[in-house]
Ligand code: NAD
Ligand code: IPM
Ligand code: MN
């Protein structure tokens with residue numbers, strides 16, 4: 001199969017980790033006779049520097065003409081003083097809005113060899129296999145009015161019923177294929193938007209009698225993610241809660257650099273990116289963990305292109321490399337061998353080229 005992928009590497013470690021993901025998908029192409037055409041586009045600070053806008057029209061066009069989008073990360077201190085419409089983050093938000101990427105999947109898995117580096121006790125983190133279903137195009141990120149002046153500041157938390165229903169239904173469908181449990185996270189003891197959220201969850205749940213569900217408040221969920229993360233299967237929540245809780249959950253598997261994501265439109269078109277940001281503190285050193293980006297590539301193979309055995313091969317290669325004791329510098333106290341970004345990527349590539357895989 002031939003597929004065209006728009007690659008928006010962005011800023012900081014974005015370039016390093018998208019290079020890693022492309023190298024792995026190219027290996028998949030060689031092994032399984034596919035061809036990936038990489039179409040590079042500017043986004044974020046890089047786009048500001050080169051084209052004067054965080055998301056140039058040409059980038060949008062390249063994405064529209066592609067079968068999927070692979071993104072690295074955007075942002076950094078260099079652009080933090082830019083006016084809000086020109087911030088790198090605005091480029092990413094506009095991209096999500098333009099393509100109506102309303103459902104953001106963020107799976108979190110505990111890998112055995114990395115458990116020792118998690119601040120959680122091994123027996124707490126062990127066996128965690130959960131997925132966040134985060135609403136991505138509504139809520140505080142997009143509500144109007146939104147402004148600040150010297151005297152006051154306003155952000156608006158707005159949700160329409162249909163925006164909630166779309167993402168909640170997706171979560172229940174997903175739970176049906178998994179361990180049949182949905183935890184819906186809100187702040188219904190305070191927020192009106194959360195009270196509507198709960199009503200919608202009740203209605204949708206009625207269509208899924210075999211899926212168990214619970215309503216949880218976001219504050220105690222933050223606690224439970226640390227005390228009993230293995231109790232979660234599918235967690236569905238609004239935009240900002242999902243942003244915060246997913247970074248929190250990354251400590252379960254020992255590093256933010258491990259988490260992949262997929263942001264999907266109703267027809268299945270999607271953007272694939274690691275959950276982490278541009279990590280200015282480690283950018284340019286070839287030490288960033290590329291596995292979140294590589295696993296985002298696996299999600300792209302499965303979800304965008306229907307290439308399940310290819311996605312399985314990538315995930316198996318990542319597991320094998322970790323089991324062999326390889327990791328990157330941010331994992332402390334796990335023994336094994338610390339590799340650079342490019343060396344770890346090479347290990348994954350070797351396994352894809354040489355290992356047997358099942359469907
Ligand atoms: P960050 O995710 O960039 O980094 C947080 C911490 O995690 C840092 O210590 C960093 O070194 C570490 N880290 C992140 N990814 C890693 C990886 N792959 N390997 C090893 N360590 C990794 O968050 P931040 O520092 O709060 O934000 C930096 C910039 O990134 C900001 O401008 C922010 O707006 C932007 N950001 C962008 C995205 C995105 O593009 N989707 C996501 C989050 C933050
Ligand atoms: C993420 C990021 C973005 C978000 C920022 C950079 C706009 O933190 O993808 O998680 O808050 O959604
Ligand atoms: Mn985030």
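Is the shape of the range 255-340 rounded, prolate or oblate, going by the alpha carbon gyration tensor and its root eigenvalues a ≥ b ≥ c, with a/c under 1.5 for rounded and a/b larger than b/c for prolate?
oblate
What shape does the range 195-277 take by its C-alpha gyration tensor, where a ≥ b ≥ c are the square roots of the eigenvalues and a/c under 1.5 counts as rounded, a/b above b/c as prolate, and the rest as oblate?
Here the range 195-277 falls in the oblate category.
With the Cα gyration tensor of the chain giving a ≥ b ≥ c as the square roots of its eigenvalues, does the rule (a/c under 1.5 for rounded; else a/b larger than b/c for prolate; else oblate) give rounded, prolate or oblate?
In terms of gyration-tensor shape, rounded.
So what's the back-of-envelope 222 nm ellipticity for the chain, counting only DSSP H runs of four-plus at -39500 (n - 2.57) apiece and dividing by all residues, rounded to 500?
-12500 deg cm²/dmol
With the calculation restricted to Cα positions, what are the radius of gyration and Dmax of the range 47-158 in angstrom?
In Å, with Rg to one decimal and Dmax whole: 18.5, 51.
Which value in nm describes the separation of the simple spin-label points at residue 148 and residue 350, placed 7 Å from the Cα toward the beta carbon?
Between residue 148 and residue 350, the simple spin-label model gives 5.0 nm.
What are the semi-axes of the equivalent ellipsoid of the range 122-166, taken as the square roots of 5 times the eigenvalues of the Cα gyration tensor, listed largest first and rounded to whole Å?
Values for the range 122-166, descending: 34, 18, 6 Å.
Using a 10 Å cut-off around each Cβ, can you sort 38, 79 from fewest to most neighbouring Cβ atoms? Don't skip to the end; give the middle numbers.
Details: 38 14, 79 20.
Fewest-to-most ranking of 38, 79: 38, 79.
If you bin the C-alpha pair distances of the range 1-111 every 10 Å from 0, what whole percents do you get?
Answer for the range 1-111: a P(r) of 14, 41, 33, 10, 1 percent.
Kindly rank 23-32, 58-67 from highest to lowest mean number of other beta carbons found within 10 Å of each residue.
Highest-to-lowest ranking by the protection proxy: 23-32, 58-67.
Quote the relative contact order of the chain in percent (integer), defining contacts as alpha-carbon pairs under 8 Å separated by 6+ residues.
22
Considering only DSSP beta bridges where both residues belong to the chain, give the percentage that are antiparallel (nearest 5).
In the chain, DSSP labels about 35 percent of beta bridges as antiparallel.
Counting residues in the range 241-294 as N, plug N into 2.2 N^0.38 Å and put the Cα Rg over that result.
1.24
Using alpha-carbon positions, what is the distance between the centroids of the range 27-93 and the range 115-165, in Å?
Each part reduced to its Cα centre gives a spacing of 22 Å.
How much length is gained on full extension from residue 267 to residue 116, taking 0.36 nm per residue of separation minus their Cα-Cα distance?
50.3 nm
Bear in mind that the values in this text are calculations on the coordinates, not laboratory data. Because the structure is predicted, anything quoted here is derived from the model rather than measured. Counting neighbours? That spans all protein chains shown, and the Cβs are built from the backbone with ideal geometry, glycine included.
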